[in-house]
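Contents: one structure, followed by commentary.
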Amino acid sequence: MKRIFLTFDIDPDFFFLKNKKFSWQGLEKGIKNLYKKLFKKFNTKIKITWFLRIDEEIECYYGSLDYLYHKYFDIIKFIKSNNGVIGIHPHLVKKLKSGHCTNELNDELNLRQLNKIFNISKNLKLIDPQIVRIGNFHFSQKILDFLIKKKVKIDSSSFPGRKDFLWMNSPKKPFFFESKYAISKKFLDKKKFLIEVPVTTYKVKAEYDKKEFTRYLDLSVKNKLFKKYLKTINFKSNNFICLSHPGNLVKFKNIDHGLLDFDINNYINNLILMMDKIYLHEKKKIIFENFYYFK
């Protein structure tokens, strides 16, 4: 059995830009259109896992940490009614004098933010606070201890293989933070309270790159690039955790990115291409799962 996990971080459109202006067309338009086209293609409700922004950066711009939950509650309900799972996607930040936010690296300040986030999230009935992905793949032992204390069952903050991230030596398949892994030099969970679900990675050279980089498996990559670098995916794996953003599902004028294509059809074409390759590799049944599979 091969399993595909489609996951989306509900970040603003153009999440990849510095000093971005916040807009939410992906959330407003892309999500329902994606479900519609997936249903048309597969004739069934496809399980998808979503990670909703609930954090101090959202509070900074909109006045409350849980603004998106209430502002787009109809879309949240729509996701839940279509086999969707919605976890938490906190970005741990500090506000700069410019008014923008950057990553907060102070553990104690981050724990204060997380405590606020979890206190609010427990009252949001359609959110599952036991499923978490921290923005920018940030992590620490104190954060791990906090998540365990809050009875989080699944974290998906790891990005294995990238030298510029702290997850360089972490396993590429779901794991517990045990001493047998090199990553345990940083993080340890002897009692196996929490399972870590890393994003699937592969190597790809964007149009603006001089060489290939390890990147998370994003099906909104331009189809011509996805075809070229598809071979670098480990098709021996049983689980394929894809990560994208709703903004990548909406066409925008005057946006030409060297890696991403803003089109639902491109996303689905890449999904079909990957499924064909998975099946040809081992000829095993392929099913879609959400993160409740790991609970």
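Of all the criteria given as (1) among the aliphatic types (A, V, I, L, M); (2) in a loop (DSSP other than H, G, I, E, B); (3) over 28 Å from Phe176 (Cβ atoms), the one not satisfied by Ile127 is (3). Counting residues in the range 107-119 that are in a loop (DSSP other than H, G, I, E, B) and surrounded by fewer than 22 Cβ atoms within 10 Å (Cβ to Cβ) gives zero.
A count restricted to the range 19-55 and to residues that are crowded, with 20+ Cβ neighbours inside 10 Å and farther than 27 Å from Asn136 by Cα stands at 1. Contact map, the range 158-174: residues that are within 21 Å of Ile4 (Cβ to Cβ) paired with residues that are in a loop (DSSP other than H, G, I, E, B) and charged (D, E, K, R), Cβ distance under 6 Å, separation 6+ or inter-chain. Pairs shown: Pro160/Lys172. Residues in the range 265-286 that are outside any helix (DSSP H, G or I) and out of contact with any Lys or Arg (no Cβ under 6 Å at 6 or more places or on another chain): 2 in all. As a summary of the residue check, Phe226 satisfies the conditions (1) more than 19 Å from the chain's Cα centre (by Cα); (2) among the aromatic types (Phe, Trp, Tyr); (3) surrounded by 22 or more Cβ atoms within 10 Å (Cβ to Cβ) except for the one numbered (1). Taking the conditions exactly as written (assigned to a loop (DSSP other than H, G, I, E, B), out of contact with any Phe, Trp or Tyr (no Cβ under 8 Å at 6 or more places or on another chain) and among the aromatic types (Phe, Trp, Tyr)), does Phe235 satisfy them or not? Yes: the conditions hold for Phe235. Of the candidates Asn238, Asn234, Asn269, the single residue that is of a type outside the set (Ser, Thr, Tyr), at pLDDT 95 or above and within 22 Å of Asp9 (Cα to Cα) is Asn269. Taking the conditions (1) hydrophobic (A, V, I, L, M, F, W, C); (2) farther than 26 Å from Lys277 by Cβ; (3) in contact with a strand residue (DSSP E or B) (Cβ under 9 Å, 6 or more places away or on another chain) in turn, Ile48 satisfies each one other than (2).
So which strands (runs of 3 or more DSSP E) are wholly in the range 1-95 and hold at least 1 residues that are modelled with pLDDT of 95 or more?
Qualifying strands (runs of 3 or more DSSP E): 2-10, 48-52, 85-88.
Of the numbered conditions (1) in contact with a helix residue (DSSP H, G or I) (Cβ under 7 Å, 6 or more places away or on another chain); (2) closer than 30 Å to Leu260 by Cβ; (3) buried (at least 18 other Cβ atoms within 10 Å of the Cβ), Phe165 satisfies every one except a single condition; which is it? In the conditions (1) in contact with a helix residue (DSSP H, G or I) (Cβ under 7 Å, 6 or more places away or on another chain); (2) closer than 30 Å to Leu260 by Cβ; (3) buried (at least 18 other Cβ atoms within 10 Å of the Cβ), Phe165 misses (3) alone. From the list Lys125, Lys151, Lys163, Lys116, the one residue that fits, being modelled with pLDDT under 95 and either at positive phi or basic (Lys, Arg) (or both), is Lys163. Selection within the range 131-157: residues that are in a loop (DSSP other than H, G, I, E, B) and touching a residue at least 60 places away in the same chain (Cβ under 8 Å). The member of this set that is surrounded by the most Cβ atoms within 10 Å (Cβ to Cβ) is Ser156.
Among the conditions (1) surrounded by fewer than 20 Cβ atoms within 10 Å (Cβ to Cβ); (2) assigned to a loop (DSSP other than H, G, I, E, B), the only one that Phe262 does not satisfy is (1). When each of Leu219, Leu225, Leu243 is tested for being under 30 Å from Asp128 (Cα atoms), aliphatic (A, V, I, L, M) and not in a loop (DSSP other than H, G, I, E, B), the lone residue that passes is Leu243. Applying the criterion of being hydrophobic (A, V, I, L, M, F, W, C) and touching a Pro at 6+ places or on another chain (Cβ under 6 Å) to the residues of the range 150-206, the residue that is farthest from Asn119 (Cα to Cα) is Trp167.
The values are calculated or read from the model by the stated rules, or taken from the named source; none is laboratory data. Bear in mind the structure is a predicted one, so any value in this text is a computation, not a measurement. For neighbour counting, all protein chains shown are included, and Cβ atoms are generated from backbone atoms with ideal geometry for every residue, glycine included.
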